[in-house]
Amino acid sequence: DKLVLATHNKGKLREIAELVAPFGIEVIGAEEAGLPEPEETGTTFIANAELKARQAADLSGHPALADDSGLCVDALGGDPGIRSARWAEDADGNRDFTRAMEKVETALQAKGDDTPRDAHFTCALSLAWPDGRIETFEGKVHGTLTWPPRGDKGFGYDPIFVPHDHDISFAEMDPAKKHAMSHRADAFRQLLDWLEAQR
Ligand code: ITT
């Protein structure tokens, strides 16, 4: 059976496709499958991942994998969190990540130069089947924020995030290296362990 990757975010789609690639499963993106972008009404990463996976499985008739993720900044009480995608839209509703990064930086500076710059990414991955089954896993990666942005790989907030025990940002890393330690890879590993235990 085909696996629907229930995301409209190109950066995510690429990363999830790369994580799934070694398993030789035929995948199809949400846009390719003609799926609408659901309204993310949940108040947690897990609730939103489940809502997206459920809708995609129901509408497509195929198993669907959805990802809800975001950047949680300690000094901002966990913001932008589940609102990461729309955190810094311009007047036209476009996402402007440079603006988002500047917002993070401005907020941190307002709290004082010695504010710890700790942050983490969270990723909830949800796998739903058309018959109603659903399994969800949550992964995290801790790090610190850096400014100005560095690197042009990855997507989203990657240029300002340096994972703990490293000195380059996610956007400066080869994809394989990010996949070895990211929040998405962490959730994906838990999903694989669960699938393995089902056999
Ligand atoms: P879908 O719901 O269609 O999957 P979206 O972009 O709306 O796409 P989210 O609501 O989960 O998805 O928003 C996640 C945002 O968090 C994403 O747009 C990025 O800005 C950020 N983000 C998530 N994972 C990231 C990563 O690995 N690196 C950098 N930024 C990331």
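Based on the Cα coordinates of the chain, what is the per residue volume of their convex hull in Å³? Display every interim value, and only then the final one.
Working: hull volume 24.6 nm³, N = 199.
With only Cα atoms used, the chain gives 124 Å³ per residue.
Computed over neighbours whose Cβ is under 11 Å from that of Leu35, the net charge equals -3, Lys and Arg +1, Asp and Glu -1. Going from the fewest other Cβ atoms within 10 Å to the most, the residues Arg184, Arg150 appear in the order Arg150, Arg184. Between the beta carbons of Lys140 and Glu31, assuming R0 = 22 Å, the FRET efficiency works out to 0.20 to the nearest 0.05. The fewest-to-most ranking of Val20, Val141, Val104 by surrounding Cβ atoms within 10 Å reads Val20, Val141, Val104.
In the chain, the longest principal axis of the Cα atoms and the axis of helix 10-20 are about 60 degrees apart.
Taking Cα atoms only, the orientation of helix 45-60 departs from the longest principal axis of the chain by about 30 degrees. Per residue, the average separation of C-alpha pairs within less than 8 Å and at least 6 apart gives segment 3-198 a relative contact order of 18 percent.
Taking a straight Cα-Cα cut-off under 23 Å and skipping sequence neighbours fewer than 8 places away in the same chain, the lysines within cross-link reach of Lys52 are Lys2, Lys10, Lys12, Lys140. Applying 1/(1 + (r/R0)^6) with R0 = 45 Å to the Cβ-Cβ distance of Phe23 and Asp114 gives a FRET efficiency near 0.45. Label positions at Asp193 and His164, each projected 7 Å from the Cα along the C-beta direction, are separated by 1.7 nm. Once the Cα atoms are used to define both axes, helix 183-198 deviates from the longest principal axis of the chain by about 30 degrees.
Of all DSSP beta bridges in the chain, what percent run antiparallel (nearest 5)?
85
Under the Kirkwood approximation applied to all pairs of distinct alpha-carbon atoms, what is the hydrodynamic radius of segment 35-117 in Å? Across segment 35-117, the inverse of the average 1/r is 14.5 Å. With the largest listed first and rounded to whole Å, the semi-axes of the equivalent ellipsoid of segment 5-79 from the Cα gyration tensor are 23, 16, 10.
Read-outs throughout are calculated quantities, based only on the coordinates presented, and are distinct from any laboratory measurement. Everything quoted here is computed from the prediction, not taken from an experiment. Because the Cβ atoms are built from the backbone with ideal geometry, glycine has one as well, and the counts that use them run over all protein chains shown.
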